[in-house]
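The values are calculated or read from the model by the stated rules, or taken from the named source; none is laboratory data. Worth saying up front: this structure is predicted, and the values here are computed from it rather than measured. Cβ coordinates were reconstructed from backbone atoms using ideal geometry, including for glycine residues, and neighbour counts include every protein chain displayed. Accessible surface areas use protein heavy atoms only, side chains included; no ligands, DNA or RNA. Shrake-Rupley method; radii C 1.70, N 1.55, O 1.52, S 1.80 Å.
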Amino acid sequence: MKMKKRFSCLLAGLLAASLTLSGCRSGAVSHSSLTPVTLNEVAHSIFYAPQYAAIELGYFKEEGIDLTLVNGAGADKVMTALVSGDADIGFMGSEASIYTYANGSKDYAVNFAQLTQRAGNFLVGRQPEANFSWESLAGKKVLGGRKGGMPQLVFEYILKKHGLDPASDLTIDQSINFGLTAAAFPSSDADYTVEFEPFATTLEHENTGFVVASLGEESGYVPYTAYSAKKSYLEAHPDVIQKFTNAIQIALNKRRHCRSPFTF
């Protein structure tokens with residue numbers, strides 16, 4: 001499938017770029033002069049490669065930040081860590097901050113920078129479907145995402161775009177925790193599952209699932225993932241927020257030290 005080949009080429013390109021750029025770091029920065037920042041991310045995925053490039057290539061340290069990365073395994077858990085103070089910055093779907101604001105929190109989370117603008121997940125079926133159509137999901141069962149989460153919101157948007165009612169025209173099983181749907185799919189009674197990489201490719205390699213469509217390609221541009229911090233943190237540490245954003249932007253642009261043919 002062309003879509004999977006394109007993604008495989010992207011993965012290869014990102015890995016090649018990382019290896020090429022690994023020798024382009026600047027001199028060491030004194031650890032004592034760095035500001036500690038804890039970043040809690042929604043998931044650990046190649047989809048967020050620029051963030052990891054910024055860490056590995058020393059862009060955060062160059063901006064004066066000693067970054068600690070924590071995998072929260074879900075936007076709800078990331079927001080809990082942010083609100084409780086266990087994390088300074090949260091990285092998750094942009095909807096999570098809207099929920100905290102809508103719930104009336106005085107020290108609500110504020111999105112201050114965006115990383116991805118398309119969904120990075122795929123619809124995986126039981127068999128290859130060269131001529132897959134979204135309308136064919138009518139009457140089928142799909143392993144979906146957490147209710148109200150960005151992956152599920154985008155999936156439902158696509159369904160509605162194709163004239164399907166997510167609540168009545170098909171069955172969406174949301175009982176399985178984030179990150180466990182791929183393992184559950186082979187033995188489940190679902191016809192399809194919505195998966196991020198590397199889980200989609202893993203299912204294909206095991207011959208237990210086949211990518212039939214890209215949600216990102218079908219949905220178009222969306223504010224998929226964003227960095228957020230509590231209002232109080234933004235007001236108290238505007239310099240840290242700016243420096244954090246600078247590091248991410250440098251990784252996106254690939255403009256410092258080395259030039260790369262790869263873009264994100």
inquiry  = Take the conditions within 29 Å of Ala109 (Cβ to Cβ) and touching a Pro at 6+ places or on another chain (Cβ under 6 Å) and apply them to Leu252. Does it pass?
reply    = yes
note = Note on the stretch 207-233: residues of a type in the set (A, V, I, L, M) and either under 17 Å from the mean Cα position of the chain (by Cα) or closer than 17 Å to Ala81 by Cα (or both) are Leu215, Val222, Ala226, Ala229
ask   = Limited to the stretch 200-241, what total is found for residues that are in contact with a Gly (Cβ under 9 Å, 6 or more places away or on another chain), free of Cβ contacts under 8 Å to residues at least 60 places away in the same chain and over 27 Å from Thr38 (Cα atoms)?
value = 1
message = Here's a check for you: in the stretch 33-53, which residue that is part of a loop (DSSP other than H, G, I, E, B) and touching a residue at least 40 places away in the same chain (Cβ under 8 Å) is farthest from Ala73 (Cα to Cα)?
response = Ser45
task = Could you run through the stretch 68-84 and say how many residues are touching a strand residue (DSSP E or B) at 6+ places or on another chain (Cβ under 8 Å), open to solvent by 10 Å² or more (accessible area, probe 1.4 Å) and either in a strand (DSSP E or B) or more than 25 Å from Glu195 (Cα to Cα) (or both)?
result = 5
